[in-house]
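Novice: Questions regarding the structure given below will be posed in turn.
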Amino acid sequence: MANDSAYVHTTDWTRPRNAAAAAQSRGKPSKLSRGAWLADLVALRKVVTLCFKCTARWSAKANHYLPFEAIPGWGKCVAECDGCRNESICTAFKAQEK
Amino acid sequence: MECIGILSGGAPTLRKYQISATASVTGVPYLVSAANAAGLSVCTTTNADNMMGCNLDTATYATAQQTDGSDPAALCTFIVNPDAIWKIILSGGATESTALTLYPVTTASTTGLAVTTSSNADWSNPTIDEGQVWGYDGANAGIVRKVTLVSGTAMTVTVAFPRDTVVGDNFMVVPHTPVTLQTLTLTTLLTQARADLAVSTSTAQFICTGSLLNDISENGRYTSATRAISRYHALNPTA
């Protein structure tokens, strides 16, 4: 049956939430290895957020990073893991002066 | 600004966003992208509408393609909870960490209902009405009261200070009160709030959830702060 009034979905990019979503970082590019992506973040001294599995495989101390509490008293945060790109409970690491 | 908790009691949510200008200072509120901006925009001293959060790290903004092939997009990490409670240090002027002004009592009050200072201060212009006054030193050090009436050099409070105000006692004032819709004016680097300007309808919209007003024992002129949540957060569906 012909549909003469097909609905065309459009995104209202003037809405704050949509505008914010457009600016959100996509995380690790698909063709970049986890180690290379983390190395890029470390080189730029960004805050690194890792899940418990990726934390075990990355040496914060060797990269002059220390875990920090985004909120005093909260050792964990909700974030996209910079290693595996899974949304989970993560530990946040902050760069220290070398 | 420093995030000190989440009103709903949850964990902080961190996100990385592109920004549209170099971020050299952390703890600055960022807003949803302005039209034609490449990413989140830094707030102004008088506007924090559509706030996303404060940045936890710094970044250098670049637009040109890089010779080494690296991605020029500048990213910063933000705490994006709409009900994040921000601790905002109070400054006595536009410059960060300006000491709060001390106002010595010139006329004692035996009822504890009035704080009368010198003619150098006119509490009705800019008005401190509905703000807070607290003792910096003296017998009422650390005691906070809401100002309910102003008249020239006198501030009147409804609930009396526990002890008489004595000539020479120093008090400090802040032009807002917790759990009221208040507007703040931020300092030049956008990390603190000015305590020397009266509340106005055209300034950065925050809801103050509490105050941390310290006396001389805690270096109150530099450590006093207000706790506030964003009134118009970009991710708050009720805004």
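Novice: Would you mind computing, in nm to one decimal, how far apart the modelled labels at B:Ile4 and B:Asp49 are, each placed 7 Å from Cα along Cα→Cβ?
Specialist: Simple spin-label model gives 2.9 nm for this pair.
Novice: Still on this structure, I have one more. For the range B:161-197, list residues with backbone N below 20 Å from a point placed 7 Å from the Cα of B:Thr110 toward its Cβ?
Specialist: Within reach of a label on B:Thr110: B:161-169.
Novice: R0 = 56 Å: FRET efficiency of B:Ser124 with A:Lys31, Cβ-based, nearest 0.05?
Specialist: Step by step, r from the Cβ atoms, then E = 0.30.
Novice: Let me have the relative contact order for chain B, percent, based on Cα pairs under 8 Å that are six or more residues apart.
Specialist: 22 percent
Novice: Residues in the range B:143-171, backbone N under 16 Å from the label point at B:Leu102 (7 Å along the Cα-to-beta-carbon vector): list them, ranges by number please.
Specialist: Within reach of a label on B:Leu102: B:143, B:166-171.
Novice: Kindly flag which residue pairs out of A:Lys76/B:Lys146; A:Lys53/B:Lys87; A:Lys31/A:Lys61; A:Lys94/B:Lys87; A:Lys28/A:Lys76; A:Lys46/B:Lys146 have an alpha-carbon separation exceeding 31 Å in this structure. Write down the numbers at each step before the final one.
Specialist: Working: A:Lys76/B:Lys146 37 Å; A:Lys53/B:Lys87 33 Å; A:Lys31/A:Lys61 27 Å; A:Lys94/B:Lys87 20 Å; A:Lys28/A:Lys76 21 Å; A:Lys46/B:Lys146 42 Å.
A:Lys76/B:Lys146; A:Lys53/B:Lys87; A:Lys46/B:Lys146, as the Cα separations exceed 31 Å there.
Novice: Report the rotationally averaged projected area of the protein assembly as shown based on its alpha-carbon convex hull, in square nanometres.
Specialist: Its Cα hull, projected and averaged over all orientations, spans 23.4 nm².
Novice: How about the range A:28-92: which trypsin sites (Lys or Arg not before Pro) there are in a DSSP loop, with at most 13 other Cβ atoms within 10 Å of their Cβ?
Specialist: Sites meeting the loop and neighbour criteria: A:Lys31, A:Arg57, A:Lys61.
Novice: Let me ask you something else. Assuming R0 = 30 Å, can you tell me the calculated FRET efficiency for the pair B:Thr209 and A:Ile89, based on Cβ-Cβ distance, to the nearest 0.05?
Specialist: Computed FRET efficiency for B:Thr209 and A:Ile89 comes out at 0.70.
Novice: How much of the DSSP bridge set in the range B:14-115 is antiparallel, in percent, rounded to the nearest 5?
Specialist: Of the beta bridges lying entirely in the range B:14-115, close to 95 percent run antiparallel.
Novice: With Cβ to Cβ distances under 12 Å as the rule, what net charge do the other residues near B:Arg15 carry (K, R +1; D, E -1)?
Specialist: Local net charge: -1.
Novice: How large is ³J(HN,Hα), in whole Hz, for each residue of the range B:41-57 in order, when computed from phi with the Karplus curve 6.51 cos²θ - 1.76 cosθ + 1.60 and θ = phi - 60°, using x for Gly and Pro?
Specialist: Result, ordered by residue: 9, 6, 6, 10, 5, 10, 8, 10, 5, 6, 5, 9, x, 9, 7, 9, 9 Hz.
Novice: Say R0 is 56 Å: what FRET efficiency, to the nearest 0.05, do A:Ser59 and B:Val179 get from their beta-carbon distance?
Specialist: So, using R0 = 56 Å, E works out to roughly 0.75.
Novice: Continuing with the same structure: Measure of size requested: the Rg and Dmax of chain A, with Cα atoms as the atom set and Å as the unit; please supply both.
Specialist: For chain A, the Cα-based Rg and Dmax read 18.6, 69 Å.
Novice: Could you derive backbone 3J(HN,Hα) for the range B:91-99 from the dihedral phi with the Karplus parameters 6.51, -1.76 and 1.60 (θ = phi - 60°), listing whole Hz in sequence and x where the residue is Gly or Pro?
Specialist: Running phi through 6.51 cos²θ - 1.76 cosθ + 1.60 with θ = phi - 60° gives 10, x, x, 6, 7, 4, 6, 6, 5 Hz.
Laboratory data are not the source of any read-out in this text; all were calculated from the coordinates shown. Just so it is clear, the model here is predicted, and its values are computed rather than measured. Here Cβ is always computed from backbone atoms with ideal geometry, including for glycine, and neighbour counts include all displayed protein chains.
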